[in-house]
Amino acid sequence: MAFATGNQTRLISGPFALSSHATQVAASSSFATLERTPMTSTAPGFILGKESHTLTVTSMMDSDTTAGGYWASVKGAFEAGTLLPVSVAPVGFDAGNSILLAEAYTAMLGIGSDVDSAVDVPITYAVTGDAAYGQSLVNHAAVTATTTGSAIDGAAASTNGGIAHLHVTAASGTTPTCDVTIEHSVNGSTSWATLATFAQVTTAVASQRVTVAAGTSVRRYLRAVITLTGSGLSYTVAVAFARS
């Protein structure tokens, strides 16, 4: 049995990869428990109520305040109050790995400093709506040509839709376009069909969250298809899907 170490964890918030500055990531999910014990019972009974999620990050402060730098990115997300897809990869974004897909606001951004320590930046996210563990469909890495990802085995088909995340953390090229779809298959080799489609990305970094409607059948195998046009292309892309 190989245990995971913290330096394998990766975090992407919207179009920004935060892992190179983060020192700690803590995510948890819980249900409210509502007591429903009748007077005739001698043991307590409970039902599950609302599900909630928490996500906090501790990161390092650097001196780069330029546009696109770390501080500018996290401060900009906080000030804009934008709802962003956030993906947490406990052991990295290699295809097939477990990924937490959340949608969240940057609800708190702080600075922690004392004379004997480096400056920390604590971040608290307000997770909104559904959050679920799914699978990475491609490694978070530069893509320079049209690519079809490997078939990722979801162990079984499902029948209640899901959520998909796309993060494009770098983009360059001459008149570039990047179109990403998620396909599914019964056997992982034939009869691939489109399950989710993201809006086209051009020259700017981007992130998207797509919901596959409840009641939609999702076949056992998934893959990402990344279609690029233009010249001198390089898109750094992460794609993940979680079944509902």
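Read-outs: derived from the displayed coordinates by stated rules, not from any lab. This structure is a prediction, so every number in the text was calculated from the model and none was measured. Here the Cβ is made from the backbone with ideal geometry for all residues, glycine too, and neighbour counts use every protein chain on show.
Modelled label positions at Thr128 and Thr5, each set 7 Å beyond Cα in the direction of Cβ, lie 3.8 nm from each other.
Here r is the Cβ-Cβ distance between Phe46 and Ser150 and R0 is 41 Å; the resulting FRET efficiency, rounded to 0.05, is 0.45.
In a Debye calculation with equal point scatterers on the alpha-carbon sites of the stretch 137-243 and no solvent, what is log10 I(q)/I(0) at q = 0.10, 0.13, 0.18 Å⁻¹? Relative scattering, expressed as log10 I(q)/I(0), comes to -0.27, -0.45, -0.81.
Straightening the chain between Thr37 and Ala118 buys 24.0 nm, computed as 0.36 nm per residue apart minus the Cα-Cα spacing. The label point for Thr159 and the one for Ala204, both projected 7 Å from the Cα toward the Cβ, are 4.2 nm apart. Here the label points at Ala80 and Gln24, each 7 Å from Cα along the C-beta direction, are separated by 2.8 nm in the simple model. In a fully extended conformation the segment linking Ile111 and Ala142 would gain 8.0 nm over its present Cα-Cα distance, using 0.36 nm per residue.
In order along the stretch 19-29, phi translates into HN-Hα couplings of 4, 5, 10, 6, 10, 8, 10, 10, 10, 8, 10 Hz, rounded to whole numbers, per the Karplus curve 6.51 cos²θ - 1.76 cosθ + 1.60 with θ = phi - 60° and x for Gly and Pro. When a/c reaches 1.5 or more, the comparison of a/b and b/c decides; with that in mind, is the chain rounded, prolate or oblate per its Cα gyration tensor? Taking the square roots of the gyration eigenvalues as a ≥ b ≥ c, the chain is oblate.
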